[in-house]
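Participant: So that we are looking at the same thing, I have put the structure below in structure tokens.
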Amino acid sequence: MKYWDEKPYYSLNYYLKQTFHEKVYRVALDAGMTCPNRDGTIGTGGCIFCSAGGSGDFAGDRKESITQQIEHGIQGLKKFHADGYIAYFQAYTNTYAPLSYLKQVYTEAIEHPQVKAISIATRPDCLSDETIALLATLNKKKPVWVELGLQTIHEETARYIRRGYLLECFENAVTRLRSKKIEVIVHTILGLPGENREDILETIHYLNRMDIQGIKLQLLHVLEGTDLAKDYRLGNFQVLELEEYVDLVVDCIANLSENIVIHRLTGDGPKDILIAPLWSTSKMQVLNRIHHRLKELGIWQGKALDRRLCEEKV
Ligand code: SF4
């Protein structure tokens, strides 16, 4: 077995410890933006799975300033005795605003004395050269990470979920961000309607070839008020069972390059609007099952790639 600290994969915790040498937690923010996939620029319905809160259901209160949200977030995490925080711009599309506004909110976060880095969730089609130049300047003060919602590499699924951009747009954004040494984290969803194990592993193998630094593996949640919920109620697809999800995650870990940091292995849908799968509300149970299965099968991150290389050499 190969271990990063005590886990057989390159966890975010391990990365944070190695990078900052102290305990760092994430504070989720809502900077009051919207999304071109909702305001009519690209579409009006949003991505098919996205909640009314713009996938930022645990973020701060948009009526508060960024500093106030960070302070409240820190208060809420007090019991963990953290030494520093990642200011995570989570809700909606966090580069979708005039440059002057982006500069103001990012700067407010980065200048907070307890903030060690900022992480910005956005779409690859909302990254102008001017925005990337701004991020590059800020990246010299403290680390700036950009999180891109890719979900899948398969265009048919991308059309179904109404992602609203093509794969080449994602590739272009990654190239431009990396040319400025900005770390890229990619959001993927496991269990999308119509996708099987092979489709999901194709996304993982594709990402191994890209210059990305982190990945989020997220279980598909069906949330109240989404068009995905309508399809689910019509019986057009089924959600994953716990053991199916555990096996898929373990496969993804085995097939993921060991240089990519795993930021998330599941995900917690907001309980008040979660329709399915309800087993996902017990995040600890899901993580325990994944860890148990990894151990049981003797899997570590990239193991299947090591084997592939050996077979190729023979
Ligand atoms: S791009 Fe993000 S915020 Fe916009 S609809 Fe899709 S998931 Fe929601």
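We did not get these values from a lab; they are worked out from the coordinates using the rules stated. For clarity, every value in this text was computed on a predicted model and none was experimentally measured. Methodologically, a virtual Cβ is constructed for each residue, glycine included, from the backbone with ideal geometry; neighbour enumeration extends over all protein chains shown.
Participant: Which Cα, out of ASN288, LEU278, SER257, lies furthest along the positive dipole direction of segment 240-310 (beta carbon charges, K/R +1, D/E -1)?
Facilitator: The Cα lying farthest towards the positive end belongs to SER257.
Participant: Treating cross-link reach as a plain straight distance, find the aspartates and glutamates whose alpha-carbon is under 18 Å from the alpha-carbon of LYS2, omitting any fewer than eight places away in the same chain.
Facilitator: Counting by Cα, and skipping residues close in sequence, LYS2 has these aspartates and glutamates nearby: ASP251, GLU258, GLU296, ASP306.
Participant: Any of LYS78/LYS295; LYS63/LYS140; LYS116/LYS216; LYS103/LYS216; LYS17/LYS303 with alpha carbons more than 22 Å apart? Name them for me.
Facilitator: Checking Cα-Cα distances, LYS78/LYS295; LYS63/LYS140; LYS103/LYS216; LYS17/LYS303 exceed 22 Å.
Participant: Sticking with this structure for a sec: Dipole size in debye (nearest 20) for segment 12-313 around its Cα centre, Lys and Arg Cβ +1, Asp and Glu Cβ -1?
Facilitator: On the way: 36 positive and 39 negative charges, 177 e Å.
Dipole size: approximately 860 debye.
Participant: What aspartates and glutamates could a cross-link reach from LYS180, if we take a straight Cα to Cα line under 13 Å and drop same-chain neighbours fewer than 8 places away?
Facilitator: Excluding near neighbours in sequence, the set is ASP129, GLU130, ASP211.
Participant: Counting only residues 5 or more places away or on other chains, whose amide H sits under 5 Å from the amide H of LEU150 once H atoms are built in the peptide plane?
Facilitator: Those lying under 5 Å, H to H, from LEU150 are HIS187.
Participant: Same structure, new question: Summing +1 for each Lys or Arg and -1 for each Asp or Glu, what net charge is found among the other residues whose Cβ lies under 10 Å from the Cβ of LEU12?
Facilitator: +4
Participant: For LYS79 and LYS23, calculate 0.36 nm times their separation in residues minus their Cα-Cα distance, and state this gained length in nm to one decimal.
Facilitator: Result: 18.9 nm gained on full extension.
Participant: Contact order normalised by length for segment 128-209, with contacts defined as Cα pairs under 8 Å and 6 or more residues apart; what percent is it?
Facilitator: 41 percent
Participant: If you don't mind, there's one more thing I want to ask. Once you list every other residue whose beta carbon is under 11 Å from the beta carbon of VAL246, what net charge do they have if Lys and Arg are +1 and Asp and Glu are -1?
Facilitator: Result for the neighbourhood of VAL246: -4.
Participant: Here's a follow-up. When ILE215, ILE42 are ordered from fewest to most other Cβ atoms inside 10 Å of their Cβ, what list results?
Facilitator: ILE42, ILE215
Participant: Let me ask something else about it. Give me a comma-separated list of calculated 3J(HN,Hα) values for segment 174-191, in order, Karplus coefficients 6.51, -1.76, 1.60 applied at θ = phi - 60°, integers in Hz, x for any Gly or Pro.
Facilitator: Karplus-based 3J(HN,Hα) across segment 174-191 equals 4, 4, 5, 5, 5, 5, 9, 6, 8, 6, 10, 10, 10, 8, 10, 10, 9, x Hz.
Participant: Right, next: At a threshold of 8 angstrom on Cα-Cα distance, excluding pairs fewer than six apart, so keeping six or more, what relative contact order does segment 12-313 reach in percent?
Facilitator: With pairs under 8 Å counted, the relative contact order is 15 percent.
Participant: Something else: What residue among GLN301, GLN285, GLN218 has the largest mean-square fluctuation in a Gaussian network model of the chain, using Cα springs under 10 Å?
Facilitator: GLN285
Participant: Now for a different question. So what is the diffusion coefficient of the chain in µm² per second by Stokes-Einstein at 20 °C and 1.002 mPa s, using a Kirkwood Rh over Cα pairs?
Facilitator: The diffusion coefficient I find is 107 µm²/s.
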